[in-house]
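Input: a single structure, listed below in structure tokens.
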Amino acid sequence: MIAEKGVWNRLRTRLLFTGPTLFAFLTVMIVPFVYGIYLTFTNWDGIATSHTLVGFQNYGEVFRDRDFWQSFALTLKYVLFSVVLINAIAFALAYALTKGMRGQSLFRAGFFVPNLVGGIVLGFIWQFIFSKVLVYFGTKADIPLLSYSWLTDPDKAFWSLVIVTVWQYAGYMMVIFVAGLMNVPNDILEAASIDGARGWMRMRKMTLPLMVPSFIVTIFLSLQRCFMVYDVNLSLTNGGPFKSTEFVSMHVYEKAFLSRDYGVGQAEAFVLFLLVAAVTLLQVYFSKKLEVEA
């Protein structure tokens with residue numbers, strides 16, 4: 001009897017602290033996710049008060065939707081360039097700002113600030129820069145590459161989105177790399193220097209292997225954010241010109257809400273979730289194999 005009472009008291013205490021969080025997680029995340037999966041098997045248009053089950057018909061439409069796969073391929077290209085540049089620039093900044101240079105804390109804060117700006121606001125700011133500031137500078141300095149807005153060129157508009165994304169997230173990933181570099185044991189680096197390892201050799205053989213855990217985190221975060229980009233895509237280019245920058249998240253939104261084909265749109269969203277989850281899990285799995293003990 002006393003044991004049962006003790007178990008009940010512990011359970012009640014845990015529910016007191018974890019209950020509200022668990023309830024919020026279930027109602028905000030799990031229930032909508034499960035209900036969304038259910039809607040992929042219906043013909044709901046997003047407005048009607050009733051709908052009917054159509055089985056796997058919506059998933060068939062997903063695999064027949066050429067625009068969806070074209071936008072997904074474009075998103076893959078965007079993710080590839082963005083993730084590589086974000087992590088390369090972030091690591092370079094972190095490495096430079098952990099060498100004891102004067103004012104490095106101020107520089108760290110400055111590089112981190114873009115991450116605090118909302119995606120919609122960020123897109124409008126850079127829209128002004130690409131359409132007004134750079135065009136004015138390019139015209140005055142007679143630089144053909146900058147004499148017109150990149151947002152009106154299908155090829156340049158893509159790279160505009162990559163530039164803005166890298167500018168936004170590089171500072172955030174830099175903070176993670178700074179923490180990782182500060183945790184690299186100095187005695188290991190000193191031992192490597194004594195053994196004759198210098199410069200790039202010490203970086204490649206010692207520092208980078210010990211930074212693998214940081215790279216796992218930064219690549220995972222940058223993959224997730226780049227695959228699901230929507231706000232910057234909307235405010236900077238709105239998918240234009242001529243749908244040349246319509247990434248997959250924007251296509252899914254337009255399919256579900258503008259075309260009022262919510263069942264197919266939700267099915268595309270679920271397929272996208274599975275694809276992104278597979279990519280990120282593979283990234284974590286293979287990255288974990290590169291980890292070494294300090």
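The values are calculated or read from the model by the stated rules, or taken from the named source; none is laboratory data. In this text, all values refer to a predicted model and were calculated from it rather than measured experimentally. Cβ placement follows ideal geometry from the backbone for every residue including glycine, while neighbour counts extend to all protein chains displayed. To get the accessible areas, we keep the full protein, side chains included, count just its heavy atoms, and leave off ligands, DNA and RNA. Shrake-Rupley method; radii C 1.70, N 1.55, O 1.52, S 1.80 Å.
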Please go through the range 240-271 and give me each residue that is open to solvent by less than 10 Å² (accessible area, probe 1.4 Å) and more than 12 Å from T40 (Cβ to Cβ), ordered by number. T245, F247, V248, M250
Conditions (1) part of a helix (DSSP H, G or I); (2) more than 24 Å from Y38 (Cα to Cα); (3) open to solvent by 80 Å² or more (accessible area, probe 1.4 Å) -> I89 fails only (3)
Residue check, D45 open to solvent by 50 Å² or more (accessible area, probe 1.4 Å) and either out of contact with any strand residue (DSSP E or B) (no Cβ under 9 Å at 6 or more places or on another chain) or aliphatic (A, V, I, L, M) (or both): yes
With respect to F137, determine if the residue is more than 17 Å from Q168 (Cβ to Cβ), aromatic (F, W, Y) and under 24 Å from the mean Cα position of the chain (by Cα). no
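Residue-by-condition table, conditions (1) at pLDDT 90 or above; (2) over 18 Å from F270 (Cβ atoms); (3) out of contact with any Asp or Glu (no Cβ under 8 Å at 6 or more places or on another chain):
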residue: T18; (1), (2), (3): no, yes, yes
residue: F33; (1), (2), (3): yes, no, yes
residue: L39; (1), (2), (3): yes, no, yes
residue: T49; (1), (2), (3): no, yes, yes
residue: F56; (1), (2), (3): yes, no, yes
residue: G60; (1), (2), (3): yes, no, yes
residue: F63; (1), (2), (3): yes, no, yes
residue: Q70; (1), (2), (3): yes, yes, yes
Determine whether the range 6-19 contains at least one residue that is in a helix (DSSP H, G or I) and either surrounded by 15 or more Cβ atoms within 10 Å (Cβ to Cβ) or aromatic (F, W, Y) (or both). yes
If I ask for residues that are more than 19 Å from Q283 (Cβ to Cβ), open to solvent by 40 Å² or more (accessible area, probe 1.4 Å) and not polar (S, T, N, Q), which ones from the range 203-239 would you list? R204, K205, M206, Y230, D231, L234
For E268, only one of the following conditions fails: (1) without any contact (Cβ under 8 Å) to a residue 12 or more places away in the chain; (2) of a type in the set (D, E, K, R); (3) in contact with a Phe, Trp or Tyr (Cβ under 8 Å, 6 or more places away or on another chain). What is its number? (1)
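Suppose we filter S160, S131 for residues that are within 30 Å of S105 (Cα to Cα) and touching a helix residue (DSSP H, G or I) at 6+ places or on another chain (Cβ under 8 Å); which single one remains? Walk me through it before giving the result.
Working: S131 fails: within 30 Å of S105 (Cα to Cα).
None of the others qualify; the one that does is S160.
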Meets criteria (outside any loop (DSSP other than H, G, I, E, B) and either touching a residue at least 24 places away in the same chain (Cβ under 8 Å) or surrounded by 11 or more Cβ atoms within 10 Å (Cβ to Cβ) (or both)) for F72: yes
So which of G100, G138 ends up being outside any loop (DSSP other than H, G, I, E, B) and without any contact (Cβ under 8 Å) to a residue 12 or more places away in the chain? G138
May I ask you to say which residue of F112, F130 is over 30 Å from V184 (Cα atoms) and either over 22 Å from the mean Cα position of the chain (by Cα) or of a type in the set (F, W, Y) (or both)? F130
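When the residues of the range 277-294 are narrowed to those that are in a helix (DSSP H, G or I) and open to solvent by 80 Å² or more (accessible area, probe 1.4 Å), which ends up farthest from M228 (Cα to Cα)?
Of everything passing the filter in the range 277-294, K288 is farthest from M228 (Cα to Cα).
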Candidates T21, T52, T40, filtered to the one that is in contact with a Gly (Cβ under 7 Å, 6 or more places away or on another chain) and at negative phi: T40
